[in-house]
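Accompanying notes for the structure given below.
No lab work stands behind these numbers, since they all come straight from the coordinates. For clarity, every value in this text was computed on a predicted model and none was experimentally measured. Don't worry about glycine lacking a Cβ; one is built from the backbone with ideal geometry, like all the others, and counts go over all protein chains shown.
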Amino acid sequence: MEEKLLAGVLNEILRHKVSLDVAFKRVCSSKCARTSEERERLYELSRAFVSDYVKLLCAAGKRVRPKVLAKMWLAGSFEVPPDPHCQLSVPQWLYDKMRNIMGEEAAKLFSAMSKRIWWVRANTLKAGEERVRRKLEEEGVELEESQHFPYMFKILRTPKPVRTLRSVREFLAIPHDIASAAVVETLRPSRGERIVDACAAPGIKTSLIVALAEGDVKVTAVDISGKRMNVMKHLMKKMGIREGVIEYLVADARRVKLERHDKALIDAPCSNTGAISKDPGLRVTLRPGKVEYYSGLQREIVANISKYADKIVYATCSLMPEEGEEVVSFASRTLNLEPLWPSLPLCGSPYRGYDVKACRLYAHEHESEGFFIALLDKV
């Protein structure tokens, strides 16, 4: 039963390039477990198996069928070669690239990304930070308040999965990585402003924009996917955002035409190399071609959105300089956008060799996903 499930999940990721969560939902549906506890156990088993995908390939010495890898893994009958990318279970091209950029620190980065750190945000549109904290603690959750953002809490221990906590289901607490929150903090949304969120769905950052502006803001939410936008509309209502605050626009951010706004947020589509801790399926699907594709897409989005706002926050959940430092260099050279230092209390330096002002957040330094954040101002 377990072997068949694991092989099915991996096969779904390989064939359809989907996330672990999507693959598990498709394979497990409602039949693989009789209880929620059993379903959660199988999910965690699948997560651990997919996380070891590269290790298993290294041990096998060649590409083999998912069923064979599942059998090897469940039996524990494999020996991982000493190669660093094998030991860390990341694609060799990705390890080699980060090793060239970060040196020995790359191993610390990928080692930290083997564990997911859960952060939740107090939804201040519904309740104060202390009330949300008490609600979580009443459910047996041990947490730690962020030193930087008082509405952010790191989960130290939880009696059940974060997504099933009552406070989360009631939208009092919202799962939200601290690096993602730092993106919105860089934007500094204020009361009365008009802000465009250029790649908005499913709207977690959008909801924080509204919360930081205490509900007194107008947001134009743009996303290319009508399906994702419908999900976003549903979520925003559940989070307590009143009607009229957000204008929803299904459009391509590379070509959309807008009125002038005070600020813009571009959390651009990317390779997601910084999100391996959240989705181990990326260890299976990441390819260098993704980086090249998204780098071009990101430049087109920045070029278009810069027509409609003088102050832009550009961010990607990517470790790649092609999707971070090089996009900002392009914007500075060709779009008359001047990079400014983001005013953030947690801010790692951009990569050496790039003369740009920006922040990078890392799993091993900030207990976050890997993020690049830049603040651009129209000259």
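Just to verify a number: FRET efficiency for Arg63 and Ser29, C-beta to C-beta distance, R0 = 22 Å, to 0.05?
Efficiency computed from Cβ-Cβ geometry: 0.20.
Any chance you could get the radius of gyration and Dmax over the Cα atoms of the chain, in Å?
In Å, with Rg to one decimal and Dmax whole: 21.0, 62.
Restricting to Cα pairs below 8 Å that are 6+ residues apart, what does the relative contact order work out to for the chain? Please round to a whole percent.
It comes to 15 percent, rounded to a whole number.
Which pairs break 21 Å Cα to Cα here: Lys17/Lys55; Lys218/Lys357; Lys311/Lys357; Lys126/Lys278?
Pairs exceeding the cut-off: Lys218/Lys357; Lys126/Lys278.
Quick check: residue separation of Ser225 and Glu137 times 0.36 nm, minus the Cα distance between them. What number comes out in nm? Present the calculation step by step, with values, prior to reporting the outcome.
Numbers: separation 88, 0.36 × 88 = 31.68 nm, distance 3.72 nm.
Net length gain for the segment: 28.0 nm.
Show that you can apply the helix-only estimate: for the chain, add -39,500 (n - 2.57) for every DSSP H stretch of four or more residues, divide by all residues, and state [θ] at 222 nm to the nearest 500.
Taken over the chain, the calculation gives -12500 deg cm²/dmol.
Among the Cys residues of the chain, which have no other cysteine Cβ under 4.7 angstrom away?
Cys199, Cys270, Cys317
Relative to the longest principal axis of the chain, what angle (0 to 90°, nearest 10) does the C-alpha long axis of helix 66-75 take?
The angle comes out at about 70 degrees.
Taking the Cβ of Pro84 as the center, what net charge do the other residues with Cβ under 14 Å away carry, scoring Lys and Arg +1 and Asp and Glu -1?
Net local charge, Pro84 excluded: 0.
Looking only at the chain, where both bridge partners belong to it, what percent of the DSSP beta bridges are antiparallel (to the nearest 5)?
55 percent
At what distance in nm do the modelled label points of Ser77 and Ile101 sit from each other, each positioned 7 Å from its Cα along Cα→Cβ?
4.0 nm
What nm value, rounded to one decimal, do you get for the distance between Lys115 and Val22 when each label is placed 7 Å out toward the C-beta?
A separation of 3.0 nm, rounded to one decimal place.
Relative contact order of segment 1-114: what whole-number percent is it, with Cα pairs under 8 angstrom and at least 6 residues apart? Please report the intermediate quantities before stating the final value.
On the way: 93 pairs, mean separation 27.8, N = 114.
Reported relative contact order: 24 percent.
Taking every Cα atom in segment 178-378, find the radius of gyration and the maximum pairwise distance Dmax, and write them in Å.
Computed over the Cα atoms of segment 178-378, radius of gyration and Dmax are 15.8, 47 Å.
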